[in-house]
Structure formats: structure tokens, C-alpha cells
1. Explain nothing, just the number: dipole magnitude of the chain about its Cα centre with +1 on each Lys and Arg Cβ and -1 on each Asp and Glu Cβ, in debye rounded to the nearest 20.
2. With the cut-off at 31 Å, tell me which of the pairs K234/K351; K26/K234; K26/K360 have Cα atoms farther apart than that.
3. Please give the per residue accessible area of the chain, computed with a probe of 1.4 Å over protein heavy atoms only, in Å².
4. Quick one: grab the alpha carbon gyration tensor of the chain, order the square roots of its eigenvalues as a ≥ b ≥ c, and give me rounded if a/c is under 1.5, else prolate or oblate depending on whether a/b is larger than b/c.
5. So what J values fall out for segment 107-117 if you push phi through Karplus, 6.51 cos²θ - 1.76 cosθ + 1.60 with θ = phi - 60°, rounded to Hz, Gly and Pro as x?
6. Relative contact order for the chain: what is it in percent, counting Cα pairs under 8 Å that are at least 6 residues apart?
7. With the cut-off at 1.5 for a/c, could you classify segment 369-440 from its C-alpha gyration tensor as rounded, prolate or oblate?
8. Going highest first, how would you order 368-379, 103-114 by mean Cβ packing within 10 Å?
Amino acid sequence: MTGTTAPRRRGRWIERWDPEDEAFWKESGERIARRNLVYSVLSEHIGFSIWSLWSVMVLFMGPEYGIDPAGKFFLIATATCVGAFVRVPYTFAVARFGGRNWTVVSALMLLAPTVAAIVVMEPGTSYGTFLLVAALTGVGGGNFASSMTNINAFFPLRKKGWALGLNAGGGNIGVPVVQLAGLLVIATAGAGHPRLLLGAYIPLIVIAAVLAAARMDNLAPVRNDTGAVREALKDAHTWIMAFLYVGTFGSFIGYSFAFGLVLQTQFGRTPLQAASLTFVGPLLGSLIRPVGGALADRYGGARITLGTFVAMAAATGVVVFASQRASLPVFLVGFVALFVLSGLGNGSTYKMIPGIFQAKALARGMGGESAAAYGRRLSGASMGLIGAVGALGGLGINLVFREAFRTSGSGTTAFVTFLGFYALCCAVTWAVYLRRPVAVTAEAAEALPKPQLTSV
């Protein structure tokens, strides 16, 4: 492998890409990878804003809309659900069409739910119509999967925690940004003008698509590999990591969508009061995600993930206490802590994925570029599946909240449920990835050296 990039085909294709080659990385690879990371973050950021749009739209929906809290929770759950399922095809679209090409297409697709919301967002619109438009915003959730799969291919293993954490964190910030924008509209124009917020995103979507077309690249070595998909589906670690990702990202997106509505329903906050608090947790959780990736790079993803789940269980206990005592200040402290911790866990879990498959390659006797290629192949195939299942955790959170408020008028029972789930996540993380000795595969039990999953 030479230290220069190879000739490209039309449409900004890079023919050869070897980020594990230090000479290649220093001479040209790092510069190209970082440039693609910047524009990937921009597109994913706007995608997250559109995906979480209905967490803000429900704050504009006063009594004149005729929708009760359970109905509003179901609107945001619908957006979460569709966003989870479209992550699977979005993951494979990168290999089929190219990362740069799909970023352009997926950005332009965000125009559909935004324009549709502008058309229907007024009292008198049927609930079924609102559900349909909320479902359309799910395409914004798909952007995460394609973006992470694309950036995973650009960076060497030693940089993946930082790069994937930054990519995901920059995207996640789209949630608090759209909530802040909604706060600005409510504070200045009032809750009767949701179209001001929606209209502001149309030029931003177009700008993201244009910049992706002009500045991003496709990687020719990234190809659809149905064998890798089948192998990832059969690998137990794909589903174990998907379960853990439910606890981290599922918590982040589920709480982000539900926070404002919980404040309105359980603590009687007005739309303006709720909007003025809603953005804080998602913002901090997004900003700290790269820190989770960087800590995982240094200390190991499994260690950081376990510590995160222990702390999330403790923070949930604080929220349960505050919910029972109807203490808004204590509730906010616990709830914001959950956002911060879920952000840390988001970064550490995504660092674990390539590390696990790299360790499996080493256990099979591979080395050097063959092990790195195997790790990229399997981790890229598994990321969409893991991301989709993780996002379904957000759906579960919104449905649990809906049931709790429908039956008791309080979210306390929902938080008790989440506490039990975090305890289970702690047990799984320790048992699978930290309890010694744990061989990567049964077949590798007699191999020397024996890479352990405790290193991921």
C-alpha cells in the first residue's frame, strides 16, 4: 500500500483505503477521514433534529388539538419506532450507494417530514394524520446508522472510539438544538406558531445535502457483503451489544422524546416552562458522548459501560424518590444525570463493537490487516442491527411512560421498571465482558495467545 490515495471514479470514489497503514494515515488518510467526519456530523445532526421533531411539536399542541397525554406519548413513540426500523436498510445503503452519495440522498429525504408537518400542524387535523406525519420523521433516525457505518470504515481501530463518539455526539446534539429552537419560538411568537420552527429547517437540510455532495467521499472497498450480515446475525455478541445499547442509546432517545411531556404531565409545567428545561439533558448527554468513546479507547469500553450502568441505576433511584415526593429540583438532578450517563455509555458501547470483532479475529489466528479487515467487516454489518434494536429501546421507554401515565397519572412505576432494567444491564456487561477468564470463542480455548473480551 502506498502512502497516497488512489485514483477515483466519477462521483468522488476512493479506490483504495487502508487506515491501519500508518504511513497512509499520516500522509493523506487522516485528513480525508476528518473532512468526511465533519460533514457526516452536520447531516446526522439535522437528521436527529427532524427525528425528534415531535418531542417539540407536542409542546405546541394545546387543548384545542384535542389530544390527551397518552396520545401525545404515542405520537413520539411512532417516530421512535419508524426511526429504529429504517436503521437496518440505511446501514446497508452505504455499501450499496456509497457513503457520500447516501448522505446526500438521506439528507434530502428529511424535506418530506418537514414539509408535511408544515402542512398539517394546526388544530382540527385528524389524529391519524398526525401519526402518519410523525412516522415520516423516522427517516431522520435512519441517518445515524448510515453515518456511523460510513465513519467506522474511515478510521483505524485505535481512533474509532473517538471518531464514532464525536460523530454520534455531534448528531445527538440535534435533539437539544431543535428543542432550544422550539423554546425560542414559544418564548417569542407563542405556542401558536410551530411553522416558524419547521420553516427554519428547510434551508438547513438543503445546505447539509449540498455540502455532503461537494465535500464527502465514497469508499470503493466498502461493498455490500451479505455473508457479513449473515455472520453478524448469527453472532451472539451482536445481540448482546444490541441489548446493552438499548440501555444507553435507547435511554437517551427515549428520555429526550419524553422529557418535556413528563414535565407537563407530572409536574404541571406550561409549554414554555417545559421547553426551557427539556433541552438541558439531551445537550449534556450529546456533548459527553465523545468523552465516553475516548475513555473507552483508554480504559476499555466494557469497564466504562459497566460503571455507566451502575451510575444510571443510582440516578434512577433518585428519580423514583423525587417522583414519589413530587420534588421537581431533585427530579431534574436525577433525570439530567441519566442523560449524561447515557451519553457516556453511548460512546463506550460503540467503541466495544469493533473491539469485540477484532478480538474474535485474533482468537481465530488472524493478524495484521486481515484481522483489521475482519473487524471492520463484521462491526460494520452489526452496527445497523445494534443501532436499530437500541433505538427500539426508546420506543419501549415511551410506551412504558404512556402506560404509567394512563393508569396512574405518574411516571413513578415507569422509572421503577427502568431501574430493574439497568440492574440487568450491569449483570450482563460484567458476566460477558468483564468476568475472567472469558474466551472469545470456544474453539479458541486452547489457542495461544488467548485474546479476552475483557480487553474491549
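1. For the chain, the charge dipole is close to 560 debye.
2. Numbers: K234/K351 21 Å; K26/K234 36 Å; K26/K360 28 Å.
Those over the limit are K26/K234.
3. Values: 16330 Å² over 456 residues.
Value returned for the chain: 36 Å² of accessible area per residue.
4. Judged from the Cα gyration tensor, the chain comes out oblate (a/c at least 1.5, b/c at or above a/b).
5. With coefficients 6.51, -1.76 and 1.60, one gets 5, 5, 5, 5, 5, 4, x, 6, 5, 4, 5 Hz.
6. 23 percent.
7. Since a/c reaches 1.5 but b/c is at least a/b, the shape of segment 369-440 is classed as oblate.
8. Numbers: 368-379: 19.4, 103-114: 22.1.
Packing proxy ranking, top to bottom: 103-114, 368-379.
The values are calculated or read from the model by the stated rules, or taken from the named source; none is laboratory data. Bear in mind the structure is a predicted one, so any value in this text is a computation, not a measurement. With ideal geometry, Cβ positions are generated from the backbone for all residues, glycine too; neighbour counts draw on all protein chains shown. Areas reflect the complete protein model, heavy atoms only, side chains present, ligands, DNA and RNA absent. Shrake-Rupley method; radii C 1.70, N 1.55, O 1.52, S 1.80 Å.
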